[in-house]
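Student: What follows is a structure written as structure tokens; I'll ask about it next.
Each reported figure results from applying straightforward, stated rules to the coordinates on display, with no laboratory input. Note that the coordinates shown come from a computational prediction; the quantities given were computed from them, not determined experimentally. Cβ placement follows ideal geometry from the backbone for every residue including glycine, while neighbour counts extend to all protein chains displayed.
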Amino acid sequence: MNQRERGGNMSSVNEWNAQMYDHQLGFVSEYGKGLLELLQPQAGERILDLGCGTGDLSKQIAESGAVVIGMDYSEDMVREARNKYPTISFIQGDGAEFSLDQKVDAIFSNAALHWIKRAPEVATCMYDCLRPGGRLVAEFGGKGNVGSIVSALTTVLKEELAIDATKRNPWYFPSVGEYSSLLEQKGFQVTYACLFSRPTQLTNGVEGLNDWLSHFTDDFLFDLSVAQRTHIQQKVSDILKDQLFSEGAYYADYKRLRVIARKPST
Ligand code: BEZ
């Protein structure tokens, strides 16, 4: 099932392979550590890690003494998170359709919300599961994220196969204004919002972008043959080499949106 058929959920199309996530995409959790400093988890707090992947950041939050609930759309991720961290509670859930039995003091979310196009529904679920005075600390892809990759993929798919990639794009990359407004409409007070560039080094040298495309662009390429996929990915990598390849590695043009927001106390 691809991302569009799922209605836009928090993990990728490929029913992400949890081992691959840990071994080749470890930078996702590494960068998330900076976000933890903004969360400042306290002992005894109940904290939801929304889009927890295989649970590495949930584990770090739990080390503060907070009670963590990790949630991910992918069963495979949840299974692996439970294997790795059996003392933490991990549940499978859809970011646009979840509710919790007990309210939480904080929601933490790293590199997940851009996978859910139904952002208004996500914001409602997040607001409803926070206690009054509770906080949201989130980082995800913002406006212009991986813009050069999306642009090259769009051009190549059009030229080579007459495919309109805009209809297949599974990602939600809002601006500061757009996302802050959305949260405010739902009742949040936005206390911090920032969009910044974070060129992200991809592993595996000249194959780095090809690997990234294999992991993340199934929504664009799901109906292509293996040979077609290989051809399209290679063309995109070639086109972007001048722009994104430097000193032996590709650097994806990541742009992160960081947000802190609070549910009013009364
Ligand atoms: C990101 O973390 O920004 C991202 C990852 C995969 C696909 C698109 C964006």
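Student: For the chain, with the dipole built from +1 on Lys and Arg beta-carbon atoms and -1 on Asp and Glu ones, taken about the Cα centre, which of V190, V176, Q92 lies farthest toward the positive end?
Tutor: Ranked along the dipole, the leading option is V190.
Student: Follow-up question, since we're still on this one. Taking H as built 1.01 Å from N, whose amide H comes closer than 5 Å to the amide H of R46, not counting residues under 5 places away?
Tutor: V67, D105, A106
Student: Rank T154, T124, T166 by mean-square fluctuation in a GNM of the chain with C-alpha springs under 10 angstrom and give only the top-ranked residue.
Tutor: In the Gaussian network model the winner is T166.
Student: For a 26 Å ceiling on Cα separation, which of these pairs sit above it: K158/K241; K84/K186; K143/K167? Each step should come with its number before you reach the end.
Tutor: Working: K158/K241 20 Å; K84/K186 35 Å; K143/K167 18 Å.
K84/K186, as the Cα separations exceed 26 Å there.
Student: What's the local net charge at L257, with K and R +1, D and E -1, over the other residues with C-beta under 13 Å away?
Tutor: Values: positive: K143, R198, K255, R256, R258; negative: E139, E178.
Counting the neighbours of L257, the net charge comes to +3.
Student: Now a separate question. Once fully extended, how much extra length lies between S197 and F222, figured as 0.36 nm per residue of separation less the alpha-carbon to alpha-carbon distance?
Tutor: Working: separation 25, 0.36 × 25 = 9.00 nm, distance 2.90 nm.
Between S197 and F222, full extension yields an extra 6.1 nm.
Student: Using the alpha-carbon atoms, what tilt in degrees (0 to 90, nearest 10) does helix 119-129 show relative to the longest principal axis of the chain?
Tutor: Orientation of helix 119-129: about 20 degrees from the principal axis.
Student: Can you work out the FRET efficiency for the pair V176 and Q42, with r the C-beta to C-beta distance and R0 = 41 Å, to the nearest 0.05? Present the calculation step by step, with values, prior to reporting the outcome.
Tutor: Values: r = 28 Å, r/R0 = 0.67.
After rounding, the FRET efficiency stands at 0.90.
Student: Would you mind putting 181-190, 87-96 in packing order, based on average other-beta-carbon counts within 10 Å, highest first? Let's see the in-between values first.
Tutor: On the way: 181-190: 15.8, 87-96: 18.1.
Top to bottom by mean Cβ count within 10 Å: 87-96, 181-190.
Student: Calculate the FRET efficiency for K241 and E160 from the Cβ-Cβ distance with a Förster distance of 25 Å, rounded to the nearest 0.05.
Tutor: Working: r = 18 Å, r/R0 = 0.71.
Efficiency, rounded to the nearest 0.05: 0.90.
Student: Now for a different question. When only Cα pairs under 8 Å and 6 or more residues apart are kept, what is the percent relative contact order across the chain? Walk me through the numbers before you get to the answer.
Tutor: Working: 524 pairs, mean separation 55.9, N = 266.
Relative contact order for the chain comes out at 21 percent.
Student: Gap in Å between the Cα centre of the range 125-177 and the Cα centre of the range 29-96?
Tutor: So the separation of the two Cα centres works out to 22 Å.
Student: If every alpha-carbon in the range 126-266 counts as one equal scatterer, what log10 I(q)/I(0) does Debye give at q = 0.10, 0.12, 0.18 1/Å?
Tutor: Taken in order of the listed q values, log10 I(q)/I(0) reads -0.44, -0.59, -0.97.
Student: Can you give me the angle between helix 27-39 and the longest principal axis of the chain, using Cα atoms only, in degrees from 0 to 90, rounded to the nearest 10?
Tutor: Value to nearest ten degrees: 30.
Student: Between 0 and 90 degrees, rounded to the nearest ten: what's the tilt of helix 147-161 against the longest Cα principal axis of the chain?
Tutor: The answer is roughly 40 degrees.
Student: May I pose another question? Of the listed pairs K59/K255; K33/K235; K59/K263, which have alpha-carbon separations greater than 29 Å here?
Tutor: Numbers: K59/K255 26 Å; K33/K235 34 Å; K59/K263 25 Å.
Where the Cα-Cα span goes over 29 Å, the pairs concerned are K33/K235.
Student: Between L100 and K167, how high is the FRET efficiency from 1/(1 + (r/R0)^6) when r is the Cβ-Cβ distance and R₀ = 22 Å? Nearest 0.05.
Tutor: On the way: r = 34 Å, r/R0 = 1.55.
For L100 and K167, the calculated efficiency is 0.05.
Student: Run the helix sum for the chain: -39,500 (n - 2.57) per DSSP H stretch of 4+ residues, divided by residue count, reported at 222 nm to the nearest 500 deg cm²/dmol. Walk me through the numbers on the way to the answer.
Tutor: Details: 11 runs with 110 residues, N = 266.
Helix-only estimate at 222 nm: -12000 deg cm²/dmol.
Student: Among D128, D49, rank each residue by its count of other Cβ atoms within 10 Å, from fewest to most, as a rough exposure measure.
Tutor: Placing the least packed residue first, the sequence is D128, D49.
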